[in-house]
Amino acid sequence: MAALYEGYTLCGLVPTQNPPESGIQGIELDRDDDRVLVTDSTRSVTVYKVSDQKPLGSWTVKQGQFISCPAVYNSQTKEYVAVTNDNVIRVWKTEDVNIDQAFKATVSAEIYRVHSVPDYEPVVLFRRGGVRYLDSLLTAPQQPIEEVLLEDEVIRWSTMVRTEQQLLVLFSSEQRGKHFLYVQRFSPNTLVKHQLEAGPHLSAPLSYAATFREEHIHLLYWFPNGSVYESVLPARHPAPAAAEEVQALPRSLLLQLPIGEGELRSASALPLDEAHVAVVGVSHPSAGTGKDYLCLWNTHFQTLQASRELAGKIYGQVWCYYGKLFVTHGKTLSVIPFECQKSSLAAALGKLKQTRTNGNCRSSLVPSWNTLPHGDKPGKSRGVTTRRTVRRAHTLRTNMRDAICTHSGPVEEVEQKVEMFLIGAEQAEQQLAVGRLVCELVARCRAEPSFYPRVSLLQLADTRYLCHSVCPGLLTLALEKKDFRLCQVCLQLFPDIPEAITCACLKVILGIPDAELECVALEPDSLHLMKALTQGPVPSNDDGGEHNGFCPAPLEEDGGGSTAPDAKVTPAPLDTSDRGTKPCKDLPAIYMDCPVGLHKGALLNEVLQTAYSDSLLLPYLKDLTVTQVILFLQYLQFLYLKYSQDVLPQIQALRMPAVTQIMEWVCLLLDAHFTVLVLAPEAKHLLSGLHKFVKSQVKLFSELGKIEGSLQVLKNSKQSHQTGQYSIEVVELF
C-alpha cells in the first residue's frame, strides 16, 4: 500500500526554453532532514527549510561564471562544496556571505560531479572517469587525473551508494550506441566495467537509479518504451581477474508502464523501497494522453498504488529524501510527502483494511488482508465484516459526501451531514473528500452570502487534510466573514499560504478594534501565552536589573499593570538624565504595556509564525498604513523586550514566535516603510527608541567580543586533579 499526501511549493522555477529544462541542476540533502540544497542551472545555490518553505541562505557566483554540477554539503567539515567553470572547486561555510571570497582550487581536469553522503568524505568524479576523495584532491589540486573512458565515450549518469562497509561510486557511459556501467570501489581501489544488455528497439535509457539492500546493488533504468529494467550487482569486491575485463550485466523486466502511442521524452523512475517505484512523466492509465502524473507503482504486483496530476510541463526530475518527493513541473518545485507500507497482495489490490487512530497520524494501515490478526480467535466481541457490508458502508459514505456537495438546505442540515460524514468516513476517504467538500462549501458561500456553515468549516480544517493550494478560497472567506477562529486554524495548519494572503490577514487583524475581538473564542493556548506575557513581572530600575544589556525606563505609577485592550500607548519621552556608569544610560524608554489586546496579540503571533519568502512578502507589506505599521512595530518591540526577561522560560505554550522571527519582521517592516516612518511625526519616538536599542545591543556584543578570548581560556583551562580541601589557582587572561 502506498499513498501520496497533499503537496506544497518549495520554490519557483525559471525554466529555460532552448533546450526546455526546469532551471534546476539538482537537490541535495543538507545538514538535517528538513533542509535541502538547491542548485539552479546558472549561478546560484540556495538552502531551503522544507517545513516552512523558507530560504535560509543563498550564494551566487559572478557574472560570466557558472556552476557546473549540483552543490553538496560536507557533513564532516560542515561546509558546502560546488564546482564552477568545470574545474574550479569552491568550499564555503554557512556564515560566508560572498562565495567568491571563499576557498577555491583549480584542478587539472574537468569535473563531472561531486557526490556526498552523510558521515563520509565527498568524492569527486571527473569527466574522463577518474575518481578522487575531495580532501586528497584539495591537498594537491594539480595532480594528474587518469582517463578511464575511451576517446568517444561519455558519462551519462552517476551516483554514490553507501553499503554496510564502504562507499561505491557508480556511473553509466555511452559509446556508439552501447551503454556501460562502471563500479568504483575503495579500499582496495578497484574499478569494474559492465555492459548493459542491448535489446531490439531500445534506445538510450531515460533515467537511472541505484539502491543498496540485502548486500546487493540494485540498478534501475528506464527506457523510452516504458520498460523498467533491474540489474543486481554484488556489493562485495569482485575477483581480481574479473575486474580487468568488461562483464555482461544481466537484467530483468521489473515494470512495463503503459505510455500510449510514441515514446517518452522526459521521465524518471525512482525506487522508494523493495516493492514501490515513484514514476514521473507518464500519464495515468485511465486519464488518457496530454496529462502528466506522479505515480507510485507496486513492482511486485504491477499495480498503480497512488497518483497525483502535475500542472505544467514535466522535466523528468524527481528526488526523494526522508519520505518526501521533490518534483519539478511547470514553474514550480513541489514537495509531496508519501508513505509506503509493506507490500502484500491485499495492499496491491486496494483491499488492505484501514483503521482510525488518535493523534495527527494521517493513515494507519493494518498489515493483514484478513480482519483477524494472526493468533486471534473469533469471538462475540470481534465480528467478521463481510465484503458486502464493507461495500455497502463505503457506498453510503460516498453518497453522503456527494449529497453534502449538492445539498441546498439550510446551514443546520449541512453541518449535521458533515458531522455524520466525518464520524463514519475512514481516514483515506476523508483525505480524498475533505478538499472537495470545502471547495463546494466555499463556492456556495460565495453564491449565497447568507449561507456560512462555520462549524463544518472548522471541523473540516481540523482534519489536517487541507492546505491553501487545495482550498484557496477558505482563508479569504474567513477574513471576509471575520471568522478569526477559522483564520487562526488556517494560519496554524496551512504550510503554503501565499504572501499576499498573509499580508491581507495582517491588515485585517491590525485594523479591527480590540473590543470587537474580545468575544472571539480563540485557541486557549494562544490566549494563555498572551496572558503570561502581559501579566509577567516587570523589573524596575531600582534593583539595577539589566536584561541583555538593556535597562528599562521606570514605569509610571498608574501604569504598573496591563493596559486595557483599547487603551492607546503614548511614547514616553527619552530619558536623557545621567545614570552614572551603567551601560544602559543611553537606552530608550520601553513600551512595557502591551499595545494591543490579548486576542489581537494571539492572532498576530500566528502571522509571525507563517512561512514566507522575504522578496515576495516585501511588496505586500507596503500596503499597510502608517498607523498599522507603527502599531505592529510597537507590538514587536513589546514581544522582544518580554523575551529578554527571565519570565519567558516559565511560559508553557505549544506555539509561540521565536526571537528570530520577531526580528525578521521588524527588519521587513522597516525596509518596506522606512521613508514613510522617517517623515511621520508620530513614529519619531518609536524609531529613536529602536535606534538606541540597536545601538546598545551592538555595544553589548562589542564588549562581549572583547572578553571572548578570556572566556575561551577559562573554558579550555585544565583544572588540577590534585586539589585538596583548599587551593588557589592563578589564571592569566590576555
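Ignoring solvent entirely, what values of log10 I(q)/I(0) come out of the Debye formula for the range 1-151 at 0.16, 0.21 Å⁻¹ when each Cα is a single scatterer? Relative scattering, expressed as log10 I(q)/I(0), comes to -0.91, -1.40. Where a Cα-Cα gap under 18 Å defines reach, which aspartates and glutamates qualify for residue 324, not counting those fewer than 8 residues away within the same chain? Output for residue 324: 6, 28, 30, 32, 33, 34, 52, 273, 274, 309, 339, 496. Heavy atoms of the protein chains alone define the surface here; on that basis the range 63-160 has 46 Å² accessible area per residue at 1.4 Å probe size.
Neighbours of residue 174 by Cβ distance under 15 Å: Lys/Arg scored +1, Asp/Glu scored -1, total +2.
Once neighbouring chains are kept in place and the probe is 1.4 Å, which whole percent of the accessible area of the range 1-50 is contributed by carbon and sulfur? Here it works out to 45 percent. Cross-linked pairs 49/331; 54/715; 49/706; 642/699; 54/600; 104/699: Cα-Cα separations exceed 27 Å for 54/715; 49/706; 104/699. Coupling constants for the range 315-331 follow from the phi torsions by the Karplus curve (6.51 cos²θ - 1.76 cosθ + 1.60, θ = phi - 60°), and in residue order they are 10, x, 10, 8, 10, 9, 9, 6, x, 10, 9, 10, 10, 9, 7, x, 10 Hz; glycine and proline get x. Checking every one of the GluC sites (Glu not before Pro) in the range 106-213 against DSSP loop status and a limit of 14 other Cβ atoms within 10 Å picks out 110, 146, 147, 151, 164, 197. Summing Lys and Arg as +1 and Asp and Glu as -1 over all other residues whose Cβ lies under 11 Å from the Cβ of residue 78 gives a net charge of -1.
Take each peptide in 450-460, 679-689, 500-510, count the other Cβ atoms within 10 Å of every residue, and average; sorted highest first, the result is 500-510, 450-460, 679-689.
The values are calculated or read from the model by the stated rules, or taken from the named source; none is laboratory data. Since we're looking at a predicted model, the values are computed, not measured. So basically every Cβ, Gly included, is an ideal-geometry build from the backbone, and we count neighbours across all protein chains shown. Surface areas here come from the heavy atoms of the whole protein model, side chains and all, with no ligands, DNA or RNA. Shrake-Rupley method; radii C 1.70, N 1.55, O 1.52, S 1.80 Å.
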